[in-house]
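One structure is given below, encoded as structure tokens.
The values are calculated or read from the model by the stated rules, or taken from the named source; none is laboratory data. Keep in mind it's a predicted model, so treat the numbers as computed, not measured. Note that we place each Cβ from the backbone using ideal geometry, even for glycine, and neighbour counts take in every protein chain shown. Protein only, heavy atoms only, side chains kept; ligands, DNA and RNA dropped before computing areas. Shrake-Rupley method; radii C 1.70, N 1.55, O 1.52, S 1.80 Å.
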Amino acid sequence: MAAMVLGALRRGGGSGHCGSLVFAQSLRRLVSTLVVAEHEGGLVKPSSLSALAAAEAIAKENRISLLLGGSGPALHKAAEHAASSHPLVSEVLVADSDTFAHPLAEPWAELIRSVQQKGGYSHVIASSTSFGKNLLPRAAALLDVSPVTDVTAVAEARVFVRPIYAGNALCTVRYTGEDPCMMSIRSTSFSPTTEAMSETKVAPITQVDLSFLSEGSLGKSTWVNLTSQDTERPDLANAQVVVTGGRGLKSAENFKLLEQLAEKLGAAVGATRAAVDAGFVPNDLQVGQTGKIVAPELYMAFGVSGAIQHLAGMRDSKVIVAVNKDGDAPIFQVADYGLVADLFEVLDELLKKIPDKK
Amino acid sequence: MKILVAVKRVVDYAVKVRVKPDRTGVETTNVKMSMNPFCEIAVEEALRLREVGAAAEVVAATVGPAQSADTLRTALAMGADRAVHVLHDPDPSRPLLPLAVAKILRAVALQEKPGLVILGKQVILDKEKQKATVEREVDGGIETICLNLPAVITTDLRLNQPRYATLPNIMKAKSKVIKKVTPEELNVDIRSDMEVILVNEPPKRKAGVILSSVNELLDKLKNEARVL
């Protein structure tokens, strides 16, 4: 993919000699990146580790500063994890204040602007999670730059690929604006680096000067609460196996069957918009264009018709299995293996034949 | 209070979009265009707020070519009072970016002075005068936030079910006012900092097979796909 794009760039597409000169200049431009990261339970979240991988894809010699915000011991533990999370991380910036405990766009955007103005980064990256999507636009507006969102591949330091029209087309764009080039990345497209860090390379942790915060930045919005489900299931966004139920499950009670299957497979449970709208499961299980984007090793869809907007959320899964009694359901067009059968009979048989997870 | 709602004319959500053979973009000739479903929900929410007396006027706005007026007429037919059409002819290789649209909407908002701006993508609204309490879906569940007015909120699919425009309202809409302006008149810099180099299709998946039994499925998953 990147090679094809580079080919197109070198042919110029109209810019002729100019194209290769710009290409050479972009090589000489120094790359430094601010990664706006999320943390949970004292660790940097996997989606932010993917952002680090994206930063490396932009430039092998990228100098990365990783920004964390919040307060308390969990923040400090996360900072320590961040300090040795990737060989290119040269410093960890910590914004230690309750103001940043919750992802409110208003104070966070000012934080990002302040850090950018002090650090002069060529790139600012956040993962395309509800955290990143919430903060990036406002931060970009304060810095007066247009962000590139939902990037799935890096072709050059300022040339990116992003899906459009629910993933039915891929658009390659060149960012031609001022520094910083701000972007959000799809974590399913960038695997976190697995290379081991050498013992000696631990980045320094620095406190961010928060004097930029004012009455104005704090007054506009207040976080009230978060209602969420506590679950021991693996996180949907990172799970290796996902079993999803659609409207065909018919009730919240029936979703328990999927949960049992998920238990045996060590899988996360997902759902279509139809299932969430019908009240079978809460919204954080929704996979799709306006839900979560997933790309597990194995995706099993039960009673899912395969609407364009659902496919947008799972089409990059390595292996797709579909079970639906309607042989014409669009899901069979993306499935690697399909069973045209009653999903309840299939679930019953699967639960009998798959051993319990040890 | 006045509510400003931004609406957009887009490829209908049910259309399977095709990439043009010259890879400069997607096929839009003779393709069904509609108001973005999220924008319909935004208009509906604004109308409901006016109906309960939380707002006095609903103004719809759009940025786009002449045909975008159709979308404004739909908003007017649903019940919006007035509309503003910021004329802009799209250039597929230099798209009008969200930052430029934001600046345009800001210029329109500075002229119209709304208490609330509703755009298409995520919320439930409380009717207090100086604050809006909203719920939004996030990765971990549902978050509740309290905002000072004026505020900008985006609406998601679960917020409401938009109304159909009735025939009398469609007729009335023909005589409602659509004010036309240009980005230049609004003093907005709409430079595009992005150049579209290529639009192509995603890699095709290998065709799948329909199996005949659960045993066969388990066998394939273990021995062929090696994911179990």
### Message
I want to confirm something. Restricting to segment B:168-188 and keeping residues that are outside any loop (DSSP other than H, G, I, E, B) and surrounded by 12 or more Cβ atoms within 10 Å (Cβ to Cβ), which single residue is farthest from the other protein chains (Cβ to nearest Cβ)?
### Response
B:K172
### Query
Taking only pairs six or more apart or across chains, which ones have beta-carbon atoms under 6 Å, a first residue in segment A:38-66 that is on the phi < 0 side of the Ramachandran plot and in a loop (DSSP other than H, G, I, E, B), and a second residue that is open to solvent by less than 10 Å² (accessible area, probe 1.4 Å) and at pLDDT 95 or above?
A:E38/A:S48; A:N62/A:T33; A:N62/A:A55
### Message
When you check B:R191 against the structure, is it assigned to a loop (DSSP other than H, G, I, E, B), within 11 Å of chain A (Cβ to nearest Cβ), in contact (Cβ under 8 Å) with a residue 40 or more places away in the chain and not polar (S, T, N, Q), yes or no?
### Response
yes
### Message
Going residue by residue through segment A:102-116, is there one that turns out to be of a type in the set (S, T, N, Q), surrounded by 18 or more Cβ atoms within 10 Å (Cβ to Cβ) and at pLDDT below 95?
### Response
no
### Message
For segment A:303-319, check the following and say yes or no: at least one residue is away from every other protein chain (no Cβ under 11 Å), on the phi > 0 side of the Ramachandran plot, small (G, A, S) and in contact with a Lys or Arg (Cβ under 7 Å, 6 or more places away or on another chain).
### Response
yes
### Query
Which members of segment B:46-61 meet the condition of being aliphatic (A, V, I, L, M) and open to solvent by 60 Å² or more (accessible area, probe 1.4 Å)?
B:V52, B:A56
### Message
Looking at segment B:138-165, I want the residues that are facing chain A (nearest Cβ under 7 Å) and of a type outside the set (A, V, I, L, M, F, W, C) and have a partner that is in a loop (DSSP other than H, G, I, E, B) and surrounded by fewer than 18 Cβ atoms within 10 Å (Cβ to Cβ) with Cβ atoms under 6 Å, at least 6 apart or on another chain. Which pairs are those?
### Response
B:G140/A:S228; B:G141/A:S228; B:N148/A:K220
### Task
Among what's in segment A:214-248 and is among the hydrophobic types (A, V, I, L, M, F, W, C) and open to solvent by 40 Å² or more (accessible area, probe 1.4 Å), pick the residue that is farthest from A:A322 (Cα to Cα).
A:L218
#### Entry: Residue count, segment A:262-286 (criterion: open to solvent by less than 10 Å² (accessible area, probe 1.4 Å), within 12 Å of another protein chain (Cβ to nearest Cβ) and under 14 Å from A:P234 (Cβ atoms))
1
### Task
Would you point out which residue out of A:S48, A:S130 is open to solvent by less than 40 Å² (accessible area, probe 1.4 Å), within 14 Å of chain B (Cβ to nearest Cβ) and at pLDDT 95 or above?
A:S48
### Task
Check every one of the strands (runs of 3 or more DSSP E) wholly within segment A:218-296 and list those with 2 or more residues that are within 24 Å of B:D156 (Cβ to Cβ) and at pLDDT below 90.
A:221-227
### Task
Could you run through segment A:300-356 and say how many residues are within 22 Å of the chain's Cα centre (by Cα), surrounded by fewer than 23 Cβ atoms within 10 Å (Cβ to Cβ) and free of Cβ contacts under 8 Å to residues at least 24 places away in the same chain?
2
### In segment B:1-36, residue farthest from the other protein chains (Cβ to nearest Cβ) [restricted to those that are of a type in the set (K, R) and not in a loop (DSSP other than H, G, I, E, B)]
B:K2
